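Q: Right, I'll just put the structure down here and ask away after.
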Amino acid sequence: AAAERYVQSEELWLKIRAAALSLGPELKLGGNGPVIAKRMVEEGAEVLLAIQNEKIYRDGIIKEVRMPGETVDTESGDYDLHIILEFDKGEKWGPYMATRGNRYIVHRDLHNPQLKGLAAVRSAVKDFKPHLVVLGGLQMLDTYPFTEEELNARLNELDEFLSELPSDTLVHFEMASFVNPHFLKRLTDVILPYSDSIGMNEQELPNLSSLIKSGTIVYISDSKIKVSQTMDHTRELLAILNDLPRHKPLTRVHIHTLAYQAVFTVRENDKWMSGITTAVKSSLTATRYVCGDESIDSTKIKMILDESFSSSSIPGSQRIPIIDSTPVSCWPDGPYEICLAPVLVCTQIKQTGGGGDNLTGVGLLYHLK
């Protein structure tokens, strides 16, 4: 799965950075939080962003995104750079050939792992009174060289922030690629009891499931997992998490994959609408973003989901057809409503990095009551 890793060696990082910049790469303002915030504002939301208020962000992000705290004028050559290597299936690097399209991100970010924007937001959020809090980008802490004392301080700060939120404020946790099971266990112990909603892709789902069930993580997972297996894993995860001590129930899970968008919603709730609009909007956002075009060109897309799928791996389970005139399916499933929309997969890719953040922001907004 796509991954993001911290480069421990400053000497190696400077070589990588210089080599990347010498190629004339496309430079964009990134980060999970800023990208989600930007998309939500574009869709009409008011957004308060927890990030160090650097001038490079202030100048480059939509003005309507609120960034509390004093603006820091970081030197142009000293800003945090994340290098994204995107590659398609069949591309070669030396003796290696990619078996699937993917991306790998490296960085030596010295600010975001410190959660430097959180203190200002903790103060500002009391007046802002958010309907929803989105937690993303926390994989930045995963391989950062914290001392145990420093890591405890960051996690305690996050715990205190969440505990101060009113109980009716929704909290969404967006999973990512993690490799340190000890850190991920500690992080999820802090975040998941407060989370109303979780978002993840087809690799992050088995990773979180394995962590919750056995305390281990999955380093390699199937990129073409069957819909029935995704449904079973998600049901099991919801049941396990809601059976653990929690500050409030987990009522929503959004699984975003290359082939489809699936949304689980607890049917009896006063927070979320039906997931049908979320599934549709997320699917269309994924296609438009990856193709880099607001219009959808039928010559540049394909559908890789089968013409029908099983709602579970259990023999005799309901089989649901994909109907051309109404391709989005929603059905009751125990205490949940499940909605699934096929994704029109872009065959002429412009970009993939940031796609998940865009569809996450859209999906959340169109799910809120």
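Q: From S177, S163, S167, grab the single residue that is open to solvent by 60 Å² or more (accessible area, probe 1.4 Å) and in a loop (DSSP other than H, G, I, E, B).
A: Checking each option against the conditions leaves just S167.
Q: Does the stretch 281-292 hold any residues that are open to solvent by 50 Å² or more (accessible area, probe 1.4 Å) and in contact with a Cys (Cβ under 9 Å, 6 or more places away or on another chain), and which are they?
A: R288
Q: Among the residues of the stretch 130-158, how many are within 16 Å of S195 (Cβ to Cβ) and either open to solvent by 50 Å² or more (accessible area, probe 1.4 Å) or more than 23 Å from the chain's Cα centre (by Cα) (or both)?
A: 1
Q: Let me ask something else. What residue, among those in the stretch 99-156 that are touching a residue at least 24 places away in the same chain (Cβ under 8 Å) and among the hydroxyl-bearing types (S, T, Y), is farthest from Y6 (Cα to Cα)?
A: S123
Q: Applying the selection to the stretch 1-53, what residues are of a type in the set (A, V, I, L, M, F, W, C), assigned to a helix (DSSP H, G or I) and open to solvent by 40 Å² or more (accessible area, probe 1.4 Å)?
A: Across the stretch 1-53, the qualifying residues are L12, L14, I16, A18, A19, L21.
Q: Moving to a separate point now. Looking at K271, K224 in this structure, which one is charged (D, E, K, R) and either crowded, with 18+ Cβ neighbours inside 10 Å or at pLDDT 95 or above (or both)?
A: Going through K271, K224 in turn, just one is charged (D, E, K, R) and either crowded, with 18+ Cβ neighbours inside 10 Å or at pLDDT 95 or above (or both): K271.
Q: Can I304 be described as under 25 Å from A176 (Cα atoms), aliphatic (A, V, I, L, M), open to solvent by 30 Å² or more (accessible area, probe 1.4 Å) and at pLDDT below 95?
A: Yes: the conditions hold for I304.
Q: Here is a follow-up. In the set L365, L359, which member is at pLDDT 95 or above, open to solvent by 20 Å² or more (accessible area, probe 1.4 Å) and under 16 Å from the mean Cα position of the chain (by Cα)?
A: Details: L359 fails: open to solvent by 20 Å² or more (accessible area, probe 1.4 Å).
The unique qualifying residue is L365.
Q: Of all residues in the stretch 60-93, how many are modelled with pLDDT of 80 or more, outside any loop (DSSP other than H, G, I, E, B) and open to solvent by 50 Å² or more (accessible area, probe 1.4 Å)?
A: Counting residues in the stretch 60-93 that are modelled with pLDDT of 80 or more, outside any loop (DSSP other than H, G, I, E, B) and open to solvent by 50 Å² or more (accessible area, probe 1.4 Å) gives 8.
The rows are residues; the columns are (1) under 19 Å from S311 (Cα atoms); (2) part of a loop (DSSP other than H, G, I, E, B).
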| site | (1), (2) |
| --- | --- |
| V253 | yes, no |
| F264 | yes, no |
| S274 | yes, yes |
| A279 | yes, no |
| V290 | no, no |
| E294 | no, yes |
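Q: A follow-up question, please. Tally up the residues in the stretch 94-117 that are open to solvent by 30 Å² or more (accessible area, probe 1.4 Å), modelled with pLDDT of 90 or more and part of a helix (DSSP H, G or I), please.
A: Result for the stretch 94-117: 1.
Q: Out of the stretch 249-261, which residues are in contact with an Asp or Glu (Cβ under 9 Å, 6 or more places away or on another chain), crowded, with 19+ Cβ neighbours inside 10 Å and free of Cβ contacts under 8 Å to residues at least 60 places away in the same chain?
A: L250, T251, I255
Q: Which numbered condition in (1) part of a helix (DSSP H, G or I); (2) open to solvent by less than 10 Å² (accessible area, probe 1.4 Å); (3) more than 20 Å from A2 (Cβ to Cβ); (4) not aliphatic (A, V, I, L, M) is the only one that C339 fails?
A: With respect to (1) part of a helix (DSSP H, G or I); (2) open to solvent by less than 10 Å² (accessible area, probe 1.4 Å); (3) more than 20 Å from A2 (Cβ to Cβ); (4) not aliphatic (A, V, I, L, M), C339 is out only on (1).
Q: Just to be sure, is F264 surrounded by 15 or more Cβ atoms within 10 Å (Cβ to Cβ) and more than 19 Å from the chain's Cα centre (by Cα)?
A: Criteria not met by F264.
Q: Would a scan of the stretch 325-333 turn up a residue that is at pLDDT 95 or above, touching a His at 6+ places or on another chain (Cβ under 9 Å) and surrounded by 13 or more Cβ atoms within 10 Å (Cβ to Cβ)?
A: No, the stretch 325-333 contains no residue that is at pLDDT 95 or above, touching a His at 6+ places or on another chain (Cβ under 9 Å) and surrounded by 13 or more Cβ atoms within 10 Å (Cβ to Cβ).
Q: Please indicate, with yes or no, whether at least one residue in the stretch 188-195 is surrounded by fewer than 16 Cβ atoms within 10 Å (Cβ to Cβ) and under 29 Å from P315 (Cα atoms).
A: no
The values are calculated or read from the model by the stated rules, or taken from the named source; none is laboratory data. Just so you know, these numbers come straight off a predicted model, no measurement behind them. Cβ atoms come from the backbone with ideal geometry, glycine included; neighbour counts cover every protein chain shown. Calculation scope for accessible area: heavy atoms of the full protein, side chains included, ligands and nucleic acids excluded. Shrake-Rupley method; radii C 1.70, N 1.55, O 1.52, S 1.80 Å.
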